[in-house]
Amino acid sequence: MKNDMNYVFSQKKMRISLKKKRNISANEFSLTGQIKSLKRNDFVDFESSLERDYIHILEFDENVRYYYEQPLKIEFNDRYYIPDFFVEYWDGSKEVIEIKYNIDLIDNASKYVTKFKAAEEFCNSNNLTFRILTETDIRNNYLFNIKFLNAVQIRHTSNKSEYFNEFELLEQNMKKLKRTTPNKLLNSSTSCELKRAELIQYLWLMIIHKKIKIDLSIKLNMETEIWI
């Protein structure tokens, strides 16, 4: 992938760069930090817990080709605006994303209106989509599930062939049951408690890799319906 991309806005070339346009530093008023990205094989900075949660969603979404934080400076009226994320999907569509809490949008509406208008004009001129996401969009059962599954994936980064026997056992029993629950699948696969504890990890990995299907809008537990 190229290191940057040029776009035109108000007769000026704008550049989306893989280098952050604004450094994220520790802030006494919000949570800042880094997350290890498997998608980018790098650390991703965030400056709020809501941004951190959105990164979990980007990491899990198989439609996301790549994403970068603080990648773009949009200049307007002798000022500038740096959105939070740039996301490109495998279908070629691209989005500029701003993350804000609902209360912040309400309390500071007059401060943001010009910035967001400039972002919308920039995106409309360059075949991009500008979106503002809040905790209403991000913090739900889907986030709960993928944070758990992302943690499982990070713990199991070895070659999948190492788990072949476990995957095959679970897959064979899933084909027999067709629709079941994690509890019932494990019960049909082993009567040994130690083996059950081992298999549950491989079950989550099969869900991550779409070998077993699940409705991620429903909070995941041992009685959640799963199917193939």
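Where a number appears in this text, it was derived from the coordinates with a stated rule and is not lab data. Every value quoted in this text rests on a predicted model; they were computed, and no experiment measured them.
Couplings for the stretch 59-68, taken from phi via the Karplus curve 6.51 cos²θ - 1.76 cosθ + 1.60 with θ = phi - 60°, read 5, 7, 6, 5, 7, 7, 7, 7, 8, 9 Hz in order; Gly and Pro are left as x.
In order along the stretch 206-220, the Karplus-derived 3J(HN,Hα) couplings, from 6.51 cos²θ - 1.76 cosθ + 1.60 at θ = phi - 60°, round to 5, 5, 4, 8, 6, 7, 10, 9, 7, 8, 6, 7, 9, 4, 6 Hz, and Gly and Pro are given as x. Between the amide H of G33 and those of F46, distances stay under 5 Å, these residues lying 5 or more places away or on another chain, with hydrogens modeled in the peptide plane. Note on the stretch 27-84 and the stretch 191-223: Cα centroid distance 29 Å, given to the nearest whole angstrom.
Taking a straight line from the alpha carbon of K111, these aspartates and glutamates sit under 16 Å away, with near neighbours fewer than eight places off in the same chain left out: E75, D78, E98, E120. Close amide H pairs (under 5 Å, H built 1.01 Å from N) link K211 with no residue at least 5 positions away or on another chain. Pairs with C-alpha atoms separated by more than 20 Å, drawn from the list K94/K213; K36/K147; K147/K178; K184/K211; K36/K115; K147/K184, are K94/K213; K147/K178; K36/K115; K147/K184.
Close amide H partners of T181, meaning residues 5 or more places away or on another chain with modelled amide H under 5 Å apart, are I226.
To two decimal places, what compactness ratio does the stretch 133-228 give when its Cα radius of gyration is scaled by 2.2 N^0.38 Å?
After normalising by residue count via 2.2 N^0.38 Å, the value is 1.11.
The separation of the stretch 106-127 from the stretch 87-101, counted between C-alpha centres, amounts to 15 Å.
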